[in-house]
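Here it is: the structure, laid out below.
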Amino acid sequence: GSNIANLLVILGLAAVIDGHVRIRHRIALVDLPFLLGSTFLLALVLWDGSVGRVEAVILLSALAVYMHYVLTQTRSDGDGDGEAAATRTGRSGVVRPVLMLLGSALFILAGAEGTVTSAVGIGRTLDIGAEIIAASAVAFGTSLPEVSVTVAAARRGNAEMAVGNVLGSNIFNALAVTGISAATGMLVVPASLIGFAVPIMLVATLLVYFIVMQQEMTKWEGALLLLFYVFFIAELFHWI
């Protein structure tokens, strides 16, 4: 649910607000294939209705490969510029941004948690299934930090940041969150989600893949992503 919201809502908002998002070659060449691979791997381990420790090892091993590649690329890309920037900035110039980042993260986390708690309570009152709440309200609540960051970045003309953020977040969700959770105990996947949410996740990933491969996103493509999310929620709650 969170991955679907990230792809359709966050990228949709970024494209609609910015109007025309240009995407770096590295994102399309490196992060995008990892997104596609991790999503299909997640769908594969979910398909039998459970995720055990063997699948957890596979997911976490894939995460290790991704992290190794990213860290290696980051070091090679930042070898001269990083040292020069560090010399110019100094430690005193780093402390304030770090504190602001941590403070903002705490406020965002508190707001998202309050939203999720309220939504779950409403779901119980209305007698809506837990898996429906998890795939909609809880998923959207966990995506609220990315939503706020995306809106702020798009307004400043840096919507491309949202693309990298979403791709990395979805890869981490698929491999780390599912892998760590399954490592602590067997995860049971409701049949209703396997038959609907998992295919929607795959379709959304493929749609974003073909859009981002063009190394640009238009506001019309963003609107299409948002409409797809509206369809997902409407179908999930049987409104259509």
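Over the Cα atoms of the chain, each weighted equally, I'd like the Debye log10 I(q)/I(0) at q = 0.09, 0.11, 0.17 Å⁻¹, rounded to two decimals.
Calculated log10 I(q)/I(0) at the listed q: -0.42, -0.63, -1.44.
If you don't mind, another one. Kyte-Doolittle mean at least 0.5 and Cα extent at least 15 Å along the axis: which DSSP H helices of the chain qualify? Please report the intermediate quantities before stating the final value.
Working: long enough: 32-46 (21 Å, 2.31); 53-78 (37 Å, 0.58); 92-125 (51 Å, 1.17); 139-155 (24 Å, 0.79); 160-172 (18 Å, 0.85); 197-212 (22 Å, 2.62); 219-236 (25 Å, 1.46).
Passing helices, by number: 32-46, 53-78, 92-125, 139-155, 160-172, 197-212, 219-236.
For labels at A191 and H20 in the simple 7 Å Cα→Cβ model, what's the distance in nm?
Result for the modelled spin labels: 5.1 nm.
Under the rule that an exposed site lies in a DSSP loop and has at most 12 other Cβ atoms within 10 Å, name the longest stretch of the chain with no trypsin sites (Lys or Arg not before Pro) of that kind, not counting the sites themselves.
Details: sites that count: R91, R156.
Segment 1-90 is the longest.
Projected onto the charge dipole of region 127-228 (+1 at Lys/Arg Cβ, -1 at Asp/Glu Cβ, origin at the Cα centre), which of V177, L225, A134 gives the Cα projection farthest towards the positive end?
L225
Where a number appears in this text, it was derived from the coordinates with a stated rule and is not lab data. Being a predicted model, the structure only gives us computed values, none of them experimental. Cβ: placed from backbone, ideal geometry, glycine included. Neighbour counts: every protein chain shown.
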